[in-house]
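The values are calculated or read from the model by the stated rules, or taken from the named source; none is laboratory data. A quick note: this is a predicted structure, and the numbers were derived from the prediction, not measured. Glycine also receives a Cβ, built like all others from the backbone with ideal geometry; neighbour counts cover every protein chain displayed. Please note that ligands, DNA and RNA were not included when accessible areas were found on the heavy atoms of the full protein model with its side chains. Shrake-Rupley method; radii C 1.70, N 1.55, O 1.52, S 1.80 Å.
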Amino acid sequence: FPVLGAKVALIPCQHPASSVNLLEEVEFLRDRAALMMPLPQNDSCNFPGCGINKRAEFPVLLPEEEVTKCVNLSDCVTIVVKTARRPHFVIRLAQSVRQNLDKDIPIIVIDDGPDTYPPEIMDHIAQFPNMKYVISETADVGIGEGRTRGVRMVKTKYYLNFDDDHIVPKDSGIAGMVELMDTTDLSLIGARGKTSWAGFVDFLYDDEGRQILRQLHGSCTAKSEALSFNTACHRCDLTINLFIARTKDILEVGGWSKELKISEHVDLFLRLKSASKKVAICAGFHFIHDHDTIVEGMTIALNETVFDPAAYRRLRWNRSKQMSNRFLSHWNVEKFKKVTV
């Protein structure tokens, strides 16, 4: 795939690149500008966003004297979930954690509010004493703010980021990922999905001279990006939404932008890249993504009572219309020029 920062066409890769045009927006967040330094003016990509056009060093094994290994998963890992009024999916996820991982792992759930749920739902939630279920004060907290609130509540050194419709299988590989975090300087390890969505990102000019953010999906799975001590893992800039991360590193970069009610994902990974945090994706890290299965022990009627699929689609659509350019305002290169020069 192309050298980062080069002026190239956007379609030379085996996995076609996707791009996000950087549009002018009214608002701008200065903390993004502070994270990104301009490259020299004679560089082929010379606007401030280009400051992230470098690869993090390859992850390395820690010296043996610096390694503290996790003995019990529940002492080292917390699961964080942001949901939007879908408690039945959260309960199903908690059941899979209990059955297939560790019944004592803490789970933190941030839900939209402000209304509570019928007693039968609350009774199901109460069956998981290790799950802290927070119903927010507003009806649309947003994914970015919800995830950040959850991570700020974490007491363990690692946390697992889940969507509500994920399920933990018996062969998830999570224990192996914890060991890898214990013994390396990685900040985050992403799971492998059905497609090679993970890859590298950079800022550059396209063929028409527009300043864009380019995402090269699948690019990090090249053999040259494999980790020397674990060839099932590859160095990346961003991964899918299911990952294990070092809690302090996510807090250090500020988590997610609260303004981003959707499209929050790339924002986090740009923050990590700007801060030179090390990210990888590993083939042995699995999960199940299931939108349809009914929650064990819960009637179909109750599922329909608490979750209206049509209403959820409307919520997503409305958010998409409201937030389609919001992400761009956080990484807007014209505003970077105004702040950094």
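Summary of computed values
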quantity	calculated
Per-region count, segment 190-240, residues within 25 Å of Leu61 (Cα to Cα), among the polar types (S, T, N, Q) and not in a strand (DSSP E or B)	5
Odd one out for Glu137, checked against (1) in contact (Cβ under 8 Å) with a residue 40 or more places away in the chain; (2) closer than 29 Å to Asp267 by Cα; (3) out of contact with any Asp or Glu (no Cβ under 8 Å at 6 or more places or on another chain)	(1)
Candidate set: segment 220-249, residues that are surrounded by 23 or more Cβ atoms within 10 Å (Cβ to Cβ) and not aliphatic (A, V, I, L, M); chosen: the one modelled with the lowest pLDDT	Cys220
Breaking point among (1) open to solvent by 50 Å² or more (accessible area, probe 1.4 Å); (2) polar (S, T, N, Q); (3) closer than 30 Å to Phe229 by Cα, for Asn100	(1)
Hits in segment 96-132 (condition: part of a helix (DSSP H, G or I) and not hydrophobic (A, V, I, L, M, F, W, C))	Ser96, Arg98, Gln99, Asn100, Pro119, Glu120, Asp123, His124
For Glu264: the one exception among (1) closer than 18 Å to Met181 by Cβ; (2) acidic (Asp, Glu); (3) in contact with a Phe, Trp or Tyr (Cβ under 9 Å, 6 or more places away or on another chain)	(1)
